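The values are calculated or read from the model by the stated rules, or taken from the named source; none is laboratory data. Please read these numbers as outputs of a predicted model, since none were measured by experiment. Don't worry about glycine lacking a Cβ; one is built from the backbone with ideal geometry, like all the others, and counts go over all protein chains shown. Accessible surface areas use protein heavy atoms only, side chains included; no ligands, DNA or RNA. Shrake-Rupley method; radii C 1.70, N 1.55, O 1.52, S 1.80 Å.
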Amino acid sequence: MGARGPGGAGGPTWRNWARTQSATPLRVARPRDLEALVQEVTTATAAGRRLRAVGSGHSFTGAAVTDGVQLHLDALTGVERVAPRPDGNAHVTVGAGTRLADLNAALAARGLAMRNLGDIDRQTVAGAISTGTHGTGARLGGLATQVVGCRVVTAAGDVVEVSPGHDPELFELARLGLGTAGVLAAVTLEVVPAFRLRAREAPMPLAELLTRMDELADANDHFELFWFPHTDRALAKCNNRVADDEADQPLPLLRHLVDDEVLSNGVFAVTNRLAAAYPRAVPLLNAVAGRALAGRTYTAGSADVFVARRRVRFREMEYAVPREHVPDVLRAVDRWLRTTREPVPFPLEVRFAAPDDLWLSTAHGRATGYVAVHQYHRMPHRRYFDAVERIMAEVDGRPHWGKLHSLDHVRLAALYPRLADANRVRARVDPTGTFRNDYVDRVLGPLP
Ligand SMILES: Cc1cc2nc3c(=O)[nH]c(=O)nc-3n(C[C@H](O)[C@H](O)[C@H](O)COP(=O)(O)OP(=O)(O)OC[C@H]3O[C@@H](n4cnc5c(N)ncnc54)[C@H](O)[C@@H]3O)c2cc1C
């Protein structure tokens, strides 16, 4: 969560979770209801000030940074309405500031669940959808594909309910638009009946995983892999729905502690500290960590399987590439790491998504593989990330809007066929640029 200073005018320093961004807003506001939110936006626009809502500060980029008014929507949270659908799904309207963890709990209490999720639940609903947050599943889309309506406060202070049937173009920008459509006050999500997943985690040689990647992505509801650089050791994670009458196979507590607490957090933290102190030892440390990877199988509620704890702080860059290029991308990264011996103690992560039609979705129009690289926050990341970015450029990779990258709007316009449409809608609803910030200027460009 972003570290925040005390509220008040001109002074508090805000920092994001990764400590890659900071801001000293002119004013920090926590509107207590929709009326107060509208007042904040109207006043900012009239004064020619910039304004930006911030979620839980989990973006690595400057997406949430503002030198103007910073809004925290802690008061606009919780479930507002549940509308059951004939197919058993439901449309659930929640306050935009609701944390995913709270959303998951509220849905579970009603026998419902998100169709797919990313790997943490600290984000707010608005923050997560605005940057295209995704999980994994070759037949599934990211969180924004599950949005069926948004309540937006535009720069003029109008409160608009947008959906595919009402102002579909503004709906496009609202459900995935880096907060440029306006401030989201509420979001309506299509959710599904609660379900359980069987998680199967198996260590595998990287070479085998690369040749079986397509098969595994297609054969599993949710497939992802982790690979330790400087080794040929990887972990395949296959999560699949289980039938309602199938017995639970819970993870023994000790196993849970060993795998999640020790390998991913506690011992992993020690490994990373050692790596920062002795960078040359990284291949050895990774070899030990890679060998410690163990298989396990368990069943649990979907949110419990999707969500992990991430207590070791890191920097991350993630690119969405046409799915067929993933093996070659990984081989190229492997070659670069072996040639340079760049010390990287963090595993790479690979996930999948179905093609979608959201204007600014990283999976727009193509079956997608996501390749994410991480670096411990106390170690330099630039050389590594720059090298990976060059590899991604060769396959028309699109960067995650919330994770570190160096692309600008000229390159992004070539990668996103509907970026000009997004800017056209921005110009309509925010002609004076209330919702601009430096990051938006860089990645979306000037208002037409
Ligand atoms: C440990 C960690 C794990 C992560 N795991 C994943 C993952 O599995 N998959 C994935 O895709 N990403 C992942 N991310 C990235 C993360 O999901 C995104 O960066 C997300 O945007 C963070 O949400 P947030 O609530 O912190 O929003 P912030 O980072 O605070 O804001 C994100 C954007 O949303 C805008 N915004 C926030 N609230 C509103 C509002 N009410 N109205 C309009 N605009 C608003 C902000 O202005 C900003 O542009 C991870 C990040 C971290 C640090």
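With every protein chain left in place, what is the accessible area of residue 166 in Å² (1.4 Å probe, nearest 10)?
Number for this one is 100 Å².
Around residue 183, under 15 Å between beta carbons, what's the net of Lys plus Arg minus Asp minus Glu among the other residues?
So the environment of residue 183 carries a net charge of +3.
For the range 384-448, just list the percent of Cα-Cα distances falling in each 10 Å bin from zero outward, please.
Per 10 Å bin, starting at zero, the Cα-Cα P(r) for the range 384-448 comes out as 19, 49, 24, 7 percent.
I need the GluC sites (Glu not before Pro) found in the range 34-121, filtered to DSSP loop residues with at most 16 other beta carbons within 10 Å of theirs.
Sparse-neighbourhood loop GluC sites (Glu not before Pro): none present.
To the nearest 0.05, what FRET efficiency results for residue 249 and residue 169 with a Förster distance of 35 Å applied to their C-beta separation?
0.15
Separation of the range 265-288 and the range 227-251 by C-alpha centroid, Å?
With the range 265-288 and the range 227-251 each reduced to a Cα centre, they are spaced 25 Å.
Report, to the nearest whole %, how much of the accessible area of the range 196-399 belongs to carbon and sulfur atoms, 1.4 Å probe, protein only. The partial results should precede the final answer.
Details: 4780 of 8950 Å².
So the carbon and sulfur contribution to the accessible surface is 53 percent.
Two decimals is fine: what is log10 I(q)/I(0) at q = 0.11 Å⁻¹ for the range 307-448, from a Debye sum with one equal scatterer on every Cα and no solvent?
Values, matching the q order: -0.46.
What percent do you get for the relative contact order of the chain when only Cα pairs under 8 Å and 6+ apart count?
It comes to 17 percent, rounded to a whole number.
Could you go through the range 163-175 in sequence order and give the Karplus-derived ³J(HN,Hα) for each residue, using 6.51 cos²θ - 1.76 cosθ + 1.60 with θ = phi - 60°, rounded to whole Hz, and x for Gly and Pro?
Using θ = phi - 60°, the values come out as 6, x, x, 9, 6, x, 6, 5, 4, 4, 6, 6, 7 Hz.
Of all the C-alpha pairs in the chain, what % are more than 30 Å from each other?
I get 43 percent for the Cα pairs in the chain exceeding 30 Å.
Given a Förster radius of 25 Å and the C-beta distance between residue 390 and residue 277 as r, what FRET efficiency does 1/(1 + (r/R0)^6) yield to the nearest 0.05?
E(calc), rounded to 0.05, equals 0.30.
How many nm is it between the label spots at residue 408 and residue 89, if each spot is 7 Å from the Cα in line with the beta carbon?
Taking the simple label geometry, residue 408 and residue 89 are separated by 4.0 nm.
Kindly rank 292-298, 267-273 from highest to lowest mean number of other beta carbons found within 10 Å of each residue. Show your work: numbers first, answer last.
Details: 292-298: 15.0, 267-273: 17.1.
Going by the mean number of other Cβ atoms within 10 Å, highest first, we get 267-273, 292-298.
Given a cut-off of under 8 Å on Cα pairs at least six residues apart, what relative contact order in percent is computed for the range 196-399?
Relative CO of the range 196-399 lands at 26 percent.
On the accessible surface of the range 79-194, probed at 1.4 Å, how many percent belong to carbon and sulfur atoms?
Values: 1880 of 3680 Å².
Carbon and sulfur: 51 percent of the exposed surface of the range 79-194.
In angstroms, what radius of gyration and Dmax does the range 79-194 have, counting Cα atoms only?
13.3, 40
In whole Hz and in residue order, list the ³J(HN,Hα) couplings for the range 422-433 that follow from phi through the Karplus curve 6.51 cos²θ - 1.76 cosθ + 1.60, θ = phi - 60°; x for Gly and Pro.
After applying 6.51 cos²θ - 1.76 cosθ + 1.60, I find 4, 5, 5, 5, 4, 4, 6, 9, 9, x, 9, x Hz.
Looking at the range 205-339 from every direction and averaging, what is the projected area of its Cα convex hull in nm²?
Taking a quarter of the hull surface, the average projection is 9.4 nm².
Where does the range 1-156 land on Rg/Rh, using Cα atoms and the Kirkwood Rh?
In the range 1-156, Rg relative to Rh is 0.99.
Quick one: if you stick a label point 7 Å off each Cα along the C-beta vector at residue 33 and residue 212, how many nm between them?
Distance between label points: 5.8 nm.
How much accessible area per residue does the chain have, counting only protein heavy atoms and a probe of 1.4 Å, in square angstrom?
Roughly 40 Å² per residue, with all protein chains present.
Protein chains only, probe 1.4 Å: how do 56, 22 rank by accessible area, largest first?
Accessible-area ranking of 56, 22, largest first: 22, 56.
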